[in-house]
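The structure appears right after this line, and notes come after that.
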Amino acid sequence: MNFDYDDLSNLRHYNETWKLLNAEHAPLILAFLQQAFISRGVSVAPESELCQILENVIFTATNGSSTFTNEPTAYLTEWSSDSKRWLRRTYKSGSDEPFYDITPASQKAIEFINSLHTYSFVGTESRFRSIIDLLRQITMGTVAEPSDVIRDLELQISVLTQRLENAKRGQIDRLSEIEVLDRFQQFEQLARMLVSDFRSVEYNLRDLDKGIRQKIAMWSGSKGELLQSVLENSDGIENSQQGRSVSAFSFLLLNPN
């Protein structure tokens, strides 16, 4: 992605992730988000639970001093305001207690902080294999001629046949300790990115749902025209790049094979 000075200036003033990283209490906010959501693998939590976690984070950070004077509820309300949007505040049916979940902007900020850590080992072999495999998939799925596809499949069959014969003889290629570490590190990073991506997808769909609800509330035409408009909007979502990607993921996830 290319960007220039104006792009960066706009991001600095309006992007919620940048605002979080530049916030006065950014270390407190990020430490809280990490402990409250990421470390526990939680996406939504009640206010009372989050207040307790935030109190513990503040106490640990300040050794009991009065650096942060506001009540935890005040911080949660501020961080979920329209000007911040680092948390999303909702209410569940039948409950008067607010619930909060972490927003994509906050998730991106945490991913950025994770990327700043220096690792004693940085794997490259598995990443290079992934790049080669992705390029092969793109080539075979777009510009390759039938003869190229046949040759590629025959090569795969040959490799698999040799591996099968070796396995029958008890000869199995085992990953070395470095190769395992390399692959697990890549898996861990991709898994975090996938969670972050799905949080963004969830918020995009919520925004679309909110737009449809607002349209229904303000509709002045006939019910038939409204229904047609909603169905066309739904078809547009399903046929969009995002919709097709989610559908492909769902098909892969639910495939019995």
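The values are calculated or read from the model by the stated rules, or taken from the named source; none is laboratory data. Everything quoted here is computed from the prediction, not taken from an experiment. Ideal geometry is used to build each Cβ from the backbone, glycine not excepted, and the neighbour counts take in all protein chains shown. Accessible surface areas use protein heavy atoms only, side chains included; no ligands, DNA or RNA. Shrake-Rupley method; radii C 1.70, N 1.55, O 1.52, S 1.80 Å.
One table, with the values for the structure above:
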quantity: The chain - mean residue ellipticity at 222 nm from DSSP helices (-39,500 (n - 2.57) per run, n ≥ 4, rounded to 500); calculated: -22500 deg cm²/dmol
quantity: Whichever lysines have a C-alpha closer than 30 Å to that of LYS223, once near sequence neighbours (fewer than 8 apart) are set aside; calculated: LYS92, LYS210, LYS215
quantity: Net dipole in debye of region 1-49 [+1 Lys, Arg Cβ; -1 Asp, Glu Cβ; about Cα centre; nearest 20]; calculated: 180 debye
quantity: Carbon and sulfur %, accessible surface of region 25-66 computed with the full protein complex present, 1.4 Å; calculated: 53 percent
quantity: For region 116-257: relative contact order, % (alpha-carbon pairs under 8 angstrom, 6 or more apart); calculated: 27 percent
quantity: Gain in span if fully extended, ALA191 to LEU205, counting 0.36 nm per residue against the direct Cα distance; calculated: 2.9 nm
quantity: With DNA, RNA and ligands ignored, accessible area of HIS13 (1.4 Å probe; Å², nearest 10); calculated: 100 Å²
quantity: Average accessible surface area per residue within region 51-119, 1.4 Å rolling probe, Å²; calculated: 58 Å²
quantity: Gaussian network model of the chain, springs between alpha carbon atoms under 10 Å - residue of ASP152, ASP101, ASP207 with greatest fluctuation; calculated: ASP152
quantity: Heavy-atom surface of region 1-47, accessible at 1.4 Å and reported per residue (Å²); calculated: 67 Å²
quantity: Heavy-atom accessible area per residue - region 138-257, 1.4 Å, Å²; calculated: 82 Å²
quantity: Estimated Rh, region 145-257: Kirkwood, alpha-carbon pairs, angstrom; calculated: 19.4 Å
quantity: Spatially proximal lysines relative to LYS19 (Cα-Cα < 20 Å; intrachain offsets below 8 disregarded); calculated: LYS84, LYS108
quantity: Among LEU11, LEU226, LEU208, residue whose mean-square fluctuation peaks in a GNM of the chain (springs only between Cα atoms under 10 Å); calculated: LEU226
quantity: Relative contact order of the chain, pairs being alpha-carbon contacts under 8 Å that are 6 or more residues apart, as %; calculated: 15 percent
quantity: Dipole magnitude (debye, nearest 20) for the chain, charges at Cβ of Lys, Arg, Asp, Glu; calculated: 340 debye
quantity: Kirkwood hydrodynamic radius over Cα pairs of region 68-148, then Stokes diffusion coefficient at 20 °C and 1.002 mPa s, in µm²/s; calculated: 122 µm²/s
quantity: Separation between Cα centres of region 106-157 and region 26-55, rounded to whole Å; calculated: 34 Å
quantity: Accessible area, probe 1.4 Å, largest first, for residues LEU153, LEU20; calculated: LEU153, LEU20
quantity: Radius 14 Å from Cβ of TYR75, net charge of other residues (Lys, Arg +1; Asp, Glu -1); calculated: -3
quantity: Share of carbon and sulfur in the accessible heavy-atom surface of region 153-257 [1.4 Å probe, %]; calculated: 59 percent
quantity: Cα centre as origin, Lys/Arg/Asp/Glu Cβ charges: region 54-184 dipole, Debye; calculated: 180 debye
quantity: Listed residues VAL44, SER250, ILE157: farthest to the positive end of the dipole of the chain (Cβ charges); calculated: ILE157
quantity: Net charge, SER196 excluded, C-beta distance under 12 Å - Lys, Arg +1, Asp, Glu -1; calculated: 0
quantity: Within a Gaussian network of the chain (alpha carbon springs, distance under 10 Å), most fluctuating of LEU175, LEU160, LEU227; calculated: LEU160
quantity: Karplus-derived 3J(HN,Hα), 6.51/-1.76/1.60, for each residue of region 68-78, Hz, glycine and proline x; calculated: 10, 8, 6, 6, x, 4, 5, 5, 4, 5, 5
quantity: Loop-resident sites, region 159-200, for trypsin sites (Lys or Arg not before Pro), counting at most 14 other Cβ within 10 Å (DSSP); calculated: ARG169, ARG174
quantity: Scattering profile of the chain at q = 0.08, 0.12 Å⁻¹ [log10 I(q)/I(0), Debye over alpha-carbon scatterers]; calculated: -0.54, -1.03
